[in-house]
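> Questions regarding the structure given below will be posed in turn.
Every read-out reported here was derived from the displayed coordinates using simple, explicitly stated rules and does not represent laboratory data. Since we're looking at a predicted model, the values are computed, not measured. Cβ sites come from the backbone with ideal geometry, for glycine too, and all protein chains shown count toward neighbours.
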Amino acid sequence: MAIESPMVTAGVIEVSEFPEVAQRYRVYGVPKVIVNEQVSFEGALPEGRFLDKVLEAVPRATRA
Amino acid sequence: MALLREADRRQLSDLFARELQEPVTIHFFTQRASPLIVPAQECATCRETGELLEEVRGLSEKIRIETHDLVTEGETAGRMRVDRIPALVLQGKNRGTVRYFGMPAGYEFAVLVEDLVDLSRGTTRLSSATREALADLPGRAHIKVLVTPT
């Protein structure tokens, strides 16, 4: 998604190297995806549902 | 000792020769070897990540590595929003920003290889519907993908 859109920043974080990140986001299962610190989910989602999660997080983030 | 096995090295070299189009740069943020290491601030996987990237660089002329020190090149790190190491910021035909924090080993290494190919070609396997939705995003999306080694 970040390759396709200038509005997207994607970061893969290896939490075993950064345990403070795992603690902060209460990671119980991986992969755990967090969009704009507001919407999160664990496990892999099909592309369409992943996109829905991104769209869910974006309008709320821009209103702030 | 090499981190990549000879068979993997050959396979990757063939894949890069076949798939890479434009050059891709990996900005690698690390800490320079110093005689004064503060134990709590030591980067556990920086050296190995650097070795892995060197091996990857050796597999294609289209892969470039720029190594940055998190501390002495703080301005560059700030601009690329890197605050922890090891970190990789990938630069090619991407429109947004693609970063990795931690050593890309195991499954994440396969993801890195796929990303290098996509960045080199400027294409992804996303559906046209997804690409259209991303083109019309009303605001910024910062996506964090938290993983563990596999």
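> Rounded to the nearest 0.05, what FRET efficiency do residue B:127 and residue A:20 give with R0 = 30 Å and r taken as the Cβ-Cβ distance? Could you check?
Step by step, r from the Cβ atoms, then E = 0.25.
> Taking neighbour Cβ counts within 10 Å as the exposure measure, how do B:118, B:8, B:14 sort from fewest upward?
Least to most surrounded, the residues fall as B:14, B:8, B:118.
> Can I ask one more? How large is ³J(HN,Hα) for each residue in the stretch B:84-92, as worked out from phi by the Karplus curve 6.51 cos²θ - 1.76 cosθ + 1.60 (θ = phi - 60°), to whole Hz, x for Gly and Pro?
Karplus-based 3J(HN,Hα) across the stretch B:84-92 equals 8, 9, x, 9, 10, 10, 9, 9, x Hz.
> Around residue B:49, with a cut-off of 13 angstrom between Cβ atoms, what is the net charge of the other residues, counting Lys and Arg +1 and Asp and Glu -1?
My count for the surroundings of residue B:49 gives -4.
> Counting other C-beta atoms within 10 Å, which of A:34, B:63, B:85 has the fewest, and how do the rest follow?
Fewest-to-most ranking of A:34, B:63, B:85: B:63, A:34, B:85.
> Please average, across the residues of B:90-103, the number of beta carbons from any other chain that are within 10 Å of each residue's own beta carbon, and give a whole number.
Mean inter-chain Cβ contacts per residue within 10 Å come to 5.
> Where both partners of a DSSP beta bridge lie in chain B, what percent of those bridges are antiparallel, to the nearest 5?
55
> Also: Return the FRET efficiency for the residue pair residue B:72, residue B:110: r is the Cβ-Cβ distance, R0 is 35 Å, and the value is rounded to the nearest 0.05.
After rounding to 0.05, the efficiency reads 0.60.
> Using a Debye calculation, one point per C-alpha and no hydration shell, please list log10 I(q)/I(0) for the protein assembly as shown at q = 0.08, 0.10, 0.18 Å⁻¹ in order.
-0.29, -0.45, -1.44
> Also: So what's the back-of-envelope 222 nm ellipticity for chain B, counting only DSSP H runs of four-plus at -39500 (n - 2.57) apiece and dividing by all residues, rounded to 500?
Computed ellipticity for chain B at 222 nm equals -11000 deg cm²/dmol.
> DSSP beta bridges in the protein assembly as shown, what fraction antiparallel, as a percent rounded to 5?
45
> For B:52, B:15, which order do you get if you count the other beta carbons within 10 Å of each Cβ and list the fewest first?
In order of increasing Cβ crowding within 10 Å: B:15, B:52.
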